[in-house]
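In what follows, a structure is listed as structure tokens, so that the remarks can point back to it.
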Amino acid sequence: MRLSRLSLLLTACALAALAVPAAAQDTPIVVPPPRALPPPAAPAMIIGNEAVAPAAPVTVVAIPAEWSPIPTDEMGRTAYGLYLSGRLAAFRGDNVLGADLLAQSQALTPEQPVVGEEAFRTGLFAGDLETLAELAPSIQDMPLLAEAGRLVVIVDALNDGDAAAGLVALRSQPLTEPFETIGQYILPTLAASAGDWDLALASVDAPLTDIDGLVLRHQRVRLLESRRRHAEAEAEYRVITASPLGSQLFMVDFGRFLERRGRRDEALALYESSLTGPSPDPEALVGRRRVLDRAAAPPIPTIRENAAFAIKLAAIQAAERRERDVSTIFLRLADSLGRDDEVALRLGLGLVSLGHEESARRAFGRVTTDNPILYAGAQYGLGLSFQRDEMEEQALAAFRLADASAPGQIEVIFRLSQQLIAMDRDEEALAVLNRPSVNVAGQPPELRLLRGATLQELGRLDEAENELWAALTAAPNDPTILNTLGYMWVDTGRRVDQGAEMLARAHAAEPTNGNIQDSLGWAQFRQGQYDIAVETLEGAVSKEPANAEINDHLGDAYWQVGRTREAQWQWNRVLTLDPDAERRAEVEQKLAKGLSIAPPVAAGQF
């Protein structure tokens, strides 16, 4: 079958591979991928060794045999009703509402561990640290959640200006995996905030190849700057950025330090260096523009910003280990410490990966326009989220904002064009695809496929054929391109036999694809092989039972082999599947008068 508008919208392609090479300072990556950090090594550094008294045990109230009367809030809502509503909201991807409702239910039934556990789990992705800290005692009997609760309490203490309490809690009982890394990373910041500068600035004994050591040395260098020990800070920056990993992670931060020291030319050189290579840093682009515009240097990071940066790096490491839930929880903690566009963007991506669409949209929506690359990435993520929920106007608006913020990004152009096509705005889609910066030699075959399919929808068949042939030349075994061009040749009678051969290849490559199988069945029908076409199309319908076009094709095949009642049943089914106006009229005509078809089509000629 021809690529439908929905198929065009959902055509699979490796978007990251679509990027057209360009000057790094002009078009860096829209959505920066997680930095390639190695898994954390075993602890190889020592920061202080002072003993601290253990924390007091937590007392949990026993569960009553029964609740009488039934617990209700001031609005008359029952604890069970709030619980069910909270679970439903979380299931729909709205963790903020879900966590709030579950916390209200838990407040009415503090003795119920199931409610406390679910409220805490959902709250971890919602990011309300104060509520989570209050819920922490209710999950003490679950070791992993209990550790998460301790981490939340420690970060919340830093947020509330009570770093001393957080420091005591962390040093009395170090966090265990998967939270051990964060505990190491934020210890210097907690110590600084608590006024223990000897502990905060203790030297770090670790090789430069060790990620944990690099992060802790970076924490130390920021704290050295905050104490105006600039010479020591610069020396440490030069050491940590001398290693490849340290340069990737901290070169831009070194540039900011140099800006604050009034050394703009040196900072600019670092930013230019960070914009080269396969993964240009979006923050380097902002720094470069700031220096060239002679704008004010960024301020010294606050204590909370230091902690947030360290937690963000721990989140990236967790993502590298494919621990999506842990990474997202870490990003929530970093997000709670202050506004950071990269954290918000990564948080949105993490929430999407876990199916939390509403919460992800809130995170994407908080990314500001300060960094056009990060903003474009957030709008791109919003557009994809809206697409998944078939919110077409919102998706289109988001893709337009992404395109305006970071022009020339092929990933955005592809999705923007798809969305316009899905909304029957083919001429606008074609205008995007025909931009001089897009319609160039060497462009990805996926773009030619999209352009060719759009030209076909507009009835410009010669141009469509040229584009699709160019796409197939670039990717001769791509089943989607084989299907699109093959079906066009078969359906228009231009090259039926060649089109049928292409469709057989496409079906062999993707035998489970019902749309491609329908194309093959229709080719067999057009060649007069009606019995074979029936078998092929029945298989296609079993794979795509709600597809109006495939059901219509099967009805035609039934009619041609004399199975008229089954043909009429199929055509009646088509009318229940919301066909477009043209297909509805054709099917109603067939139901009234039967199918009248010309003899089988031979191979077409130009």
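The values are calculated or read from the model by the stated rules, or taken from the named source; none is laboratory data. Just so it is clear, the model here is predicted, and its values are computed rather than measured. So basically every Cβ, Gly included, is an ideal-geometry build from the backbone, and we count neighbours across all protein chains shown. The protein model used for the area step is the full one, side chains on, heavy atoms only, and it has no ligands, DNA or RNA in it. Shrake-Rupley method; radii C 1.70, N 1.55, O 1.52, S 1.80 Å.
List of remarks:
- Residues that are part of a helix (DSSP H, G or I) and either over 13 Å from Arg227 (Cβ atoms) or of a type in the set (Val, Ile, Thr) (or both) within the range 178-192 comprise Glu180, Thr181, Ile182, Gly183, Gln184, Tyr185, Ile186, Leu187, Thr189, Leu190, listed in sequence order.
- One residue from Ser279, Ser247 being hydroxyl-bearing (Ser, Thr, Tyr) and either surrounded by fewer than 14 Cβ atoms within 10 Å (Cβ to Cβ) or assigned to a helix (DSSP H, G or I) (or both): Ser247
- Filter result for Asp156 (at pLDDT 85 or above, open to solvent by 10 Å² or more (accessible area, probe 1.4 Å) and touching a Leu at 6+ places or on another chain (Cβ under 7 Å)): yes
- Cross-chain or 6+ apart pairs with Cβ under 6 Å, the range 512-538 first and within 11 Å of Asn483 (Cα to Cα), then among the hydroxyl-bearing types (Ser, Thr, Tyr): Ser519/Tyr487; Leu520/Thr536
- Qualifying residue in the range 206-229 (condition: part of a helix (DSSP H, G or I), closer than 20 Å to Ile316 by Cβ and small (Gly, Ala, Ser)): yes
- The lone exception for Pro298 - which of (1) open to solvent by less than 40 Å² (accessible area, probe 1.4 Å); (2) of a type outside the set (D, E, K, R); (3) assigned to a helix (DSSP H, G or I) it fails: (3)
- Cβ-Cβ distances below 6 Å connect the following pairs, each with a first residue in the range 336-350 that is of a type in the set (Ser, Thr, Tyr), a second residue that is not in a helix (DSSP H, G or I), and a separation of six or more residues or different chains: Ser336/Gly127.
- The condition (being on the phi < 0 side of the Ramachandran plot, among the hydroxyl-bearing types (Ser, Thr, Tyr) and in contact with a Ser or Thr (Cβ under 7 Å, 6 or more places away or on another chain)) is satisfied by just one residue among Ser247, Ser274: Ser247.
- Some residue of the range 166-181 being at pLDDT 90 or above and of a type in the set (Lys, Arg): yes
Table: residues versus (1) at pLDDT below 95; (2) within 24 Å of Val496 (Cβ to Cβ); (3) open to solvent by 30 Å² or more (accessible area, probe 1.4 Å).
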site: Arg526; (1), (2), (3): yes, yes, yes
site: Asp531; (1), (2), (3): no, yes, yes
site: Thr536; (1), (2), (3): no, yes, no
site: Val541; (1), (2), (3): no, yes, no
site: Asp552; (1), (2), (3): no, yes, no
site: Asp580; (1), (2), (3): yes, no, yes
site: Ala598; (1), (2), (3): yes, yes, yes
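- Some residue of the range 470-482 being open to solvent by 30 Å² or more (accessible area, probe 1.4 Å), out of contact with any helix residue (DSSP H, G or I) (no Cβ under 7 Å at 6 or more places or on another chain) and closer than 27 Å to Arg584 by Cα: no
- Scanning the range 322-334 for residues that are open to solvent by 30 Å² or more (accessible area, probe 1.4 Å) and in contact (Cβ under 8 Å) with a residue 24 or more places away in the chain, we see that the one that is farthest from Gly365 (Cα to Cα) is Glu323.
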